[in-house]
1. For region 1-67, what is the accessible area per residue in Å² when the probe is 1.4 Å?
2. Counting heavy atoms of the protein chains only and a 1.4 Å probe, report the per residue accessible area for region 100-143 as a whole number of Å².
3. Around E13, with a cut-off of 14 angstrom between Cβ atoms, what is the net charge of the other residues, counting Lys and Arg +1 and Asp and Glu -1?
4. With the crude spin-label approximation of a point 7 Å out along Cα→Cβ, what separation in nm comes out for D74 versus S157?
5. Using per-residue counts of other Cβ atoms within 10 Å, averaged over each peptide, order 7-20, 136-149 from highest down.
Amino acid sequence: MLGRAKRDREFCEFVQARRSRLMGAAYLLCGNRHDAEDLVQVALTKLYTAWPRIRTRGAEDAYVRRILANATIDASRRPWQRERSTEQLPEVGVTGPDVEGRDELVRALATLGPGQRRILVLRYWLDLTIEEIAIDLRISPGTVKSQASRGLANLRSQLTDLRIDELTEESV
């Protein structure tokens, strides 16, 4: 029983130290706070199951990042996730320059392919090195570099297009 208590304590400490960062990464991966919460919950549940094995190798962070990336792909494949039609837009609860900028970034990230989005979130939100991303996603460092470069170019284009659209709407 003492071993399980120690395991639970270590896991809780891990979660407390990283939960907000995982939430931020999940939000950027999927673009929705509720889906991000679900992704983090799935990732932490899977991590808890594998905790003794992963903890002894010291690979907790890499493992949970990999789960987040895979869970994002799995969630996007579900048929009910593809349904987005609505006649009325929901009310926006909080506004302001920080929220608007974040929303603009999330909309722009949503236009990227899942691979580019994952790489950009891991590289620029979680500050991983190219080698760490390559290991996490099981791709070559060259692929990480090229996808990051293309993703940044696409992101810049989207952000510029969004700003141009907003300016033309304001002037009309």
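1. Value returned for region 1-67: 59 Å² of accessible area per residue.
2. 52
3. Local net charge: +2.
4. 3.3
5. Numbers: 7-20: 12.6, 136-149: 15.4.
The most tightly packed comes first, giving 136-149, 7-20.
The values are calculated or read from the model by the stated rules, or taken from the named source; none is laboratory data. Because the structure is a prediction, the values reported are computed rather than measured. Backbone-built Cβ (ideal geometry, glycine too); neighbour counts: all protein chains shown. Accessible surface is based on the protein model in full, side chains and every heavy atom, while ligands, DNA and RNA are left aside. Shrake-Rupley method; radii C 1.70, N 1.55, O 1.52, S 1.80 Å.
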